[in-house]
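The structure under discussion appears below in the form of structure tokens.
The values are calculated or read from the model by the stated rules, or taken from the named source; none is laboratory data. Keep in mind it's a predicted model, so treat the numbers as computed, not measured. As a convention, Cβ positions derive from the backbone with ideal geometry for all residues, glycine included, and neighbour counts pool all protein chains shown. Quick note on the areas: whole protein, heavy atoms, side chains included, nothing else; ligands and nucleic acids left out. Shrake-Rupley method; radii C 1.70, N 1.55, O 1.52, S 1.80 Å.
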Amino acid sequence: MLMQGFANLMWLLSLALIVFSGFALLDAAIRREDAYRAADKKTKPFWLIILGIAFVVNLLFPILSFLPIIGLIATIVYMVDVRPALRQITGGGGGRRGSSSDGPYGPYNGGR
């Protein structure tokens with residue numbers, strides 16, 4: 001019973017890792033190539049190769065082996081360092097500009 005629960009937990013973690021690395025790979029693929037240079041990050045093909053390898057490794061190897069951990073580190077680096085820089089360059093907030101307190105008709109002023 002305990003081993004089955006542990007196996008289910010590892011399966012869920014592995015699935016989450018696959019989804020996370022797949023999202024990062026897809027995000028890297030849709031970004032413009034010149035944005036990588038403008039943000040002073042590595043090139044787009046570099047990140048596509050690194051994130052593609054991380055995705056394939058997560059598919060093929062169990063989560064407790066060494067390679068998926070390296071892939072997770074590469075994915076985290078992309079998500080916390082490269083992606084925000086690319087979004088800042090391209091203005092990639094989903095087309096939305098302004099403060100987080102802006103409503104559909106302009107800024108929220110607290111009833112003033």
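A simple spin-label model places the labels of MET10 and ILE30 3.4 nm from each other, with each point 7 Å out along Cα-to-Cβ. Heavy-atom accessible area, probed at 1.4 angstrom with all protein chains present, ranks THR75, THR90 as THR90, THR75, highest first. Ranked from largest to smallest solvent-accessible area, with a 1.4 Å probe on the protein heavy atoms, SER14, SER21 come out as SER14, SER21. The trypsin sites (Lys or Arg not before Pro) found in segment 15-84 that occupy coil by DSSP, while having at most 16 further C-beta atoms within 10 Å, are ARG32, LYS42.
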